[in-house]
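The values are calculated or read from the model by the stated rules, or taken from the named source; none is laboratory data. This structure is a prediction, so every number in the text was calculated from the model and none was measured. Positions of Cβ are generated from backbone atoms using ideal geometry, with glycine treated the same way; all protein chains shown enter the neighbour counts. Keep in mind that these areas ignore ligands, DNA and RNA; they rest on the heavy atoms of the full protein, side chains included. Shrake-Rupley method; radii C 1.70, N 1.55, O 1.52, S 1.80 Å.
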Amino acid sequence: MKNILDLLRCPHCGTPLTRPAEGGQKNLKCPAGHAFDLAKSGYVNLLPPGKEKNARSGDEREMVKAREEFLALGLYAGITDTLASVAAESAAEASCHTVCDMGCGEGWHTRRFTKRFAELTAAPVLTAGFDASKYAAERACKCAVREGLMPASGIGAAHDAPASAYFMPGNIFHLPVADHSVTLALSMFAPVAAEEAARILTPDGLLIVVSSGKEHLLELRRKIYDDVRLSDELPPVPDGFAEVVRKNHRYTADVPTRDALAALFTMTPFYYKTTEAGRDRLLSSDLPFSVTVDVNYAVFRVK
Ligand SMILES: C[S@@+](CC[C@H](N)C(=O)[O-])C[C@H]1O[C@@H](n2cnc3c(N)ncnc32)[C@H](O)[C@@H]1O
Ligand SMILES: [Zn+2]
């Protein structure tokens, strides 16, 4: 099993990071002396310096909370499980799969994926999840420690589990990750940073882009908008990549309560572009509210 520090690089100067053993210091350091404090949760902030390089779109707390609340119901577990089987079918054999989730949010899918993928491939999986939202990364760390995916003493401590997942704030367009160190890059409902994926992937590495299909949450959209257009925008093959396979998975989820429906609505992009009347219409729907989950998976390999 690799150590997460094998993958990480200093966001200032790109050199390797170590965790000094002496004096019980709780930080990571690079040879140039840049130091990054480890919080109690194991969390370390590796956002790159300089405003222009920092991600602009860290999610709001409200959205992170809504996602935690909705995802905990398990209605989106089908998305993660399909992703894990698509990945296991396409991935080359590896003594340890190294995964980078680019824009992982609060890491619910990331953690579930890491466990499923390790089971399906019967190989250890070491995952690093990055998100622009510090709050989301901190929440993800806490859950990862609770689920045994991350050692309680944080990044850099020994962790001999078959599945590990570490979460850090980071900018997916400037990742603190070593060149060609990752066997699988994931982009789930997030901007696709293909150039950065190509840099961090090993020569036989894969990029998997997970995106909404044309009927995703159709019933919800019909409640909030008068005119719903079905456009199927499949993610294009990114420069420097070749397509391996595409898959679509559709199923129906029954949202059981009004709180769960409100949480689902809050975690969608529609939340920001819906009138109050549209929102009220949705939230006064009959329960359970049956909604289509329609997701596209695109697997690309580095050319
Ligand atoms: C719709 S959420 C998806 C989260 C998670 N992948 C999931 O499927 O539940 C998109 C995420 O991308 C993150 N994001 C957007 N731009 C980013 C950037 N430049 N660097 C890091 N994260 C970014 C946002 O903060 C947000 O958490
Ligand atoms: Zn440095």
Next item on the list: Between Arg229 and Leu120, take the C-beta separation as r, use R0 = 35 Å, and let me know the FRET efficiency to the nearest 0.05.
Entry: 0.45
Next item on the list: Take Arg61, Arg279, Arg19, Arg221 and sort them by solvent-accessible surface of the protein heavy atoms, 1.4 Å probe, largest at the top.
Entry: Arg61, Arg279, Arg19, Arg221
Item checked: Helix-only mean residue ellipticity at 222 nm for the chain, each DSSP H run of n ≥ 4 adding -39500 (n - 2.57), per residue, nearest 500 -> -8500 deg cm²/dmol
Next item on the list: Just name one of Ala158, Leu218, Thr110: the one whose Cα is farthest towards the positive end of the charge dipole of the chain (beta-carbon charges, Lys/Arg +1, Asp/Glu -1).
Entry: Ala158
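How big is the dipole moment of the chain about its Cα centre under a simple scheme where the beta carbon of each Lys and Arg is +1, that of each Asp and Glu is -1, and everything else is neutral? Debye, nearest 20, please. Before the final figure, lay out each step's value.
On the way: 35 positive and 37 negative charges, 102 e Å.
Charge dipole of the chain: 500 debye, to the nearest 20.
For the chain, what does the accessible surface come to per residue with a 1.4 Å probe? Please give it in Å². Show your work: numbers first, answer last.
Details: 13740 Å² over 303 residues.
For the chain, the solvent-accessible area averages 45 Å² per residue.
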Next item on the list: Return a whole-number percent for the relative contact order of segment 67-130, with Cα pairs under 8 Å and 6 or more residues apart as the contact set.
Entry: 41 percent
Checklist line | Charged-residue dipole, Cβ positions (Lys, Arg, Asp, Glu), segment 212-303 about Cα centre, Debye nearest 20 | finding: 240 debye
Note to self: For the pair Ala21/Arg146, report the inter-label distance in nm, with labels modelled 7 Å from Cα in the Cβ direction.
What the structure shows: 3.3 nm
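Any idea what the relative contact order of the chain is, in percent, if you count C-alpha pairs under 8 Å spaced at least 6 apart?
Numbers: 633 pairs, mean separation 60.4, N = 303.
20 percent.
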Next item on the list: For each cysteine in the chain, check whether another cysteine's C-beta sits under 4.7 Å from its C-beta; list those where none does.
Entry: Cys13, Cys96, Cys100, Cys104, Cys141, Cys143
Item checked: Sequence ranges 27-38, 205-216, ranked by mean other-Cβ count within 10 angstrom, highest first -> 205-216, 27-38
Margin query: Translational diffusion coefficient of the chain at 20 °C, 1.002 mPa s, Stokes-Einstein with Kirkwood Rh over Cα pairs, in µm²/s as a whole number.
Written below: 108 µm²/s
Margin query: Need one number: the % of Cα-Cα pairs in segment 100-200 sitting beyond the 17 Å mark.
Written below: 47 percent
Check: Among the lysines, which have Cα under 27 Å from the Cα of Lys40 when same-chain residues fewer than 8 positions away are ignored?
Finding: Lys2, Lys26, Lys29, Lys51, Lys53, Lys65, Lys115, Lys134, Lys142
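Compare Lys115, Lys273, Lys2 by solvent-accessible area with a 1.4 Å probe and give them largest first, with all protein chains kept in place. Working shown, then result.
Details: Lys115 70, Lys273 130, Lys2 95 Å².
The residues order as Lys273, Lys2, Lys115, largest area first.
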Item checked: Label point at Asp286 placed 7 Å out along Cα→Cβ; residues across segment 212-240 whose backbone nitrogen lies under 16 Å -> 219-220, 223
Next item on the list: Have a look at Tyr43, Tyr135, Tyr251 and tell me which one the Gaussian network model of the chain (Cα, springs below 10 Å) gives the largest fluctuation.
Entry: Tyr251
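So, with a 1.4 angstrom probe, what is the percent of accessible area on segment 111-262 that is carbon and sulfur? Don't jump to the answer; show the numbers that get you there.
Details: 3240 of 6560 Å².
Heavy-atom surface of segment 111-262 belonging to carbon and sulfur, 1.4 Å probe: 49 percent.
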